[in-house]
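One structure below.
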Amino acid sequence: MAGAKPTVLSHARGSALALAGLAVITARPGHGLIGQLDQAVIGLAEKGRSPVAVRAARVLSALGEPGFVLFPVAAATAIAVRRAGWRQACVPGVTVATGAAVRRVLSWAIARPRPPDTIWLTEPEGFSMPSKHTSLAVLAAGACANRTAAGGLGRHGAPLLAAACVGASRVYLGVHWPSDVLAAWLFAEAWLQLAEAVSAAPAAMAKPGRA
């Protein structure tokens, strides 16, 4: 039906597709064509730095800090309580918190080194892939858009915009390879889709034939 909400199955398919893309990106980080593109882009970013752009990158990077992400998630929770009750209102916080934990484990498993510390303009933490700041920004943007009744454009556009802005800032500041950002976006999209599938499952099971 035109305009119908995504079903449990469509969310599951979206999650599977994003995970497939993530598997490709993380299979051999730093090697092959992707590795060459990483080197080329980060080299261009270093050469193109300016004081004004560095200040802008620091501001954008801060949007992916855990302390900042807390505020939009709390706001989305408050809005969702009024519209759908506590069960649905808890989804943004649970999605972001569990996604952040899984991302950390994935980062340890991949254990990709960061770009050379000689080009860092900020002090990073942990391994490079997937980007923590980008993951958190995408998770928060997507979870909030899903729970504040944003239209289709908002549900898909908000996470993509968050990935582009925060991810680009981390590359510009020299602490991430571009493929780290791509991996973060794919991971966060997979997690958001999975969270929506799980959230929608009880209602789908209560209405046979409409899942």
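Read the figures in this text as sums done on the coordinates, not as results from a lab. What you see is a predicted model, and the numbers here were worked out from it, not measured in a lab. Note that each Cβ is placed from the backbone with ideal geometry, even for glycine, and that neighbours are counted across all protein chains shown.
Take each of the peptides 68-74, 159-165, 176-182, 41-47, average the number of other beta-carbon atoms within 10 Å over its residues, and list them starting from the highest.
Going by the mean number of other Cβ atoms within 10 Å, highest first, we get 176-182, 159-165, 68-74, 41-47.
Whole-Hz Karplus ³J(HN,Hα) for region 164-176, in order, using 6.51 cos²θ - 1.76 cosθ + 1.60 and θ = phi - 60°, x for Gly and Pro?
After applying 6.51 cos²θ - 1.76 cosθ + 1.60, I find 5, 6, 5, x, 4, 5, 6, 5, 4, 7, x, 9, 9 Hz.
Which semi-axis lengths, in whole Å and largest first, follow from the square roots of five times the eigenvalues of the Cα gyration tensor of region 50-197?
27, 16, 12
P(r) for region 1-119: what percent of alpha-carbon pairs falls in each 10 Å bin, starting at zero?
Histogramming region 1-119 at 10 Å steps yields 10, 24, 34, 23, 9, 0 percent.
Name the long-range amide H neighbours of Arg112: under 5 Å, sequence gap of 5 or more, or other chain; modelled H, no Pro or chain starts.
Ser128, Met129
Taking 8 Å as the Cα distance limit and 6 or more residues as the minimum spacing, I'd like the relative contact order of the chain as a percentage.
34
Per-residue HN-Hα couplings for region 132-140, Karplus 6.51 cos²θ - 1.76 cosθ + 1.60 at θ = phi - 60°, whole Hz, x for Gly and Pro?
5, 4, 5, 4, 5, 5, 5, 4, 5
Any chance you could give the angle, 0 to 90 degrees and rounded to 10, that helix 178-206 forms with the longest Cα principal axis of the chain?
Value to nearest ten degrees: 10.
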